[in-house]
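Step one of this worksheet: look at the structure below.
The values are calculated or read from the model by the stated rules, or taken from the named source; none is laboratory data. The structure displayed is predicted, hence computed values, not measured ones. Neighbour counts run over all protein chains shown; Cβ positions are idealised from the backbone, glycine included. All accessible areas refer to the heavy atoms of the entire protein, side chains included, with ligands and DNA or RNA removed. Shrake-Rupley method; radii C 1.70, N 1.55, O 1.52, S 1.80 Å.
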Amino acid sequence: MKAKAVTRLARAKINLTLHVTGQREDGYHLLDSLVAFAAVGDVVHAKPATDLSLRVDGPLAKGVPTDERNLVLQAAALFDCPRGAEIHLTKHLPNAAGLGGGSADAAATLLALGELWDEPLPDDLLKLGADVPVCIAPLALRMRGVGEELSIIPPLPDLWAVLVNPGVPLETPPVFKALQQKENPPMGQVPDCTNAAEFAEWCAAQRNDLQAPAIALAPVIKDVLEALEPSLLARMSGSGASCFGLCASAQDAEKLAAKIRAAHPQWWIAATTLS
Ligand code: C5P
């Protein structure tokens, strides 16, 4: 039986660590990253229709393309026999923000259309973006290669975070380009931690190699990290400019989010679980 309509949450992707370990001949960088997902995200709703169409709305829809530049339509085109569907994307995540918004939207679209059309997922999801394979799960995984090598890690402890984006879009290629040392040590083995503090301590000994080059391009990231300082660990996600602060409880995360919101009402801020 074919589905009538399908709704999928495109959860924000957080790089708890992001080690750049090399560069391939085609220019893509080799990564070693611990990726987790927030409970907040965009929403993809797909229902049967004769033609394929995309409508985008939501609090952060401004500037998001509704034509083929949108990864949602590129994801639909990747199916062997794309058919009609009315796709409605509600944007809650900032764009070009290091939270994998476009990749999460693409992954949620693939899952929604796969169910709607009763079709297997297409091959070569990497074509849509390096973060698309990990966003298909979406659960905490170690990501290597250029994003295609995914491996299971010990379960994360109960973990909360405050996510902050200062509203400065930062495209990924210039950040990679500004990274001077391309060959850096890999991430350590992810330990089996029983609590958030222990996990944050391990995480603090790892890195996001793109943080320094991103700060050089968008110095406001430093202010974001300073605002997140009261958390267990403050770090940038992906190629920025969003940062996260790890917290041990929902109350700690809500309290810190409220404090930052009061000081920076124009920033995008979310308190969430991570898993
Ligand atoms: O794959 P995605 O579209 O997210 O990547 C955007 C850009 O980021 C790529 O065009 C490339 O310049 C850079 N990138 C990279 N190495 C990766 C992932 C992305 O150099 N592993």
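Note on the range 6-145: Kirkwood hydrodynamic radius from all Cα pairs is 15.3 Å, rounded to one decimal.
Say each of LEU139 and ALA250 gets a label point 7 Å from the Cα, pointing the same way as Cα to Cβ; how far apart are those two points in nm? The two pseudo-label positions are separated by 2.2 nm. Between TRP267, ALA97, LEU125, the Cα set farthest toward the positive side of the dipole of the chain (charges on each charged residue's Cβ, about the Cα centre) is that of TRP267. Legend: distances between Cα atoms for LYS4/LYS62; LYS222/LYS259; LYS13/LYS127; LYS127/LYS177; LYS177/LYS222; LYS13/LYS222; pairs beyond 23 Å are LYS4/LYS62. Subtracting the Cα-Cα distance of SER53 and GLU119 from their residue separation scaled by 0.36 nm leaves 21.9 nm. Protein-only accessible surface at a 1.4 angstrom probe places the residues ARG144, ARG261 in the order ARG261, ARG144, largest first. Electrostatic bookkeeping for HIS92 treats Lys and Arg as +1 and Asp and Glu as -1; over the other residues with beta carbon under 15 Å from its beta carbon, the sum is +2. When both bridge partners sit in the range 6-145, DSSP labels roughly 80% of those beta bridges antiparallel. The calculated FRET efficiency for the pair ALA212 and VAL146, based on their C-beta separation and a Förster distance of 22 Å, comes to about 0.55. Normalised by 2.2 N^0.38 Å, with N the number of residues, the alpha-carbon radius of gyration of the range 154-274 equals 1.07. Annotation: extensible slack from ASP192 through ALA5 equals 63.4 nm (criterion: 0.36 nm per residue apart, minus Cα-Cα distance). Extending 7 Å from Cα along the Cβ direction at ARG24 and again at ALA205 yields two label points whose distance is 3.1 nm.
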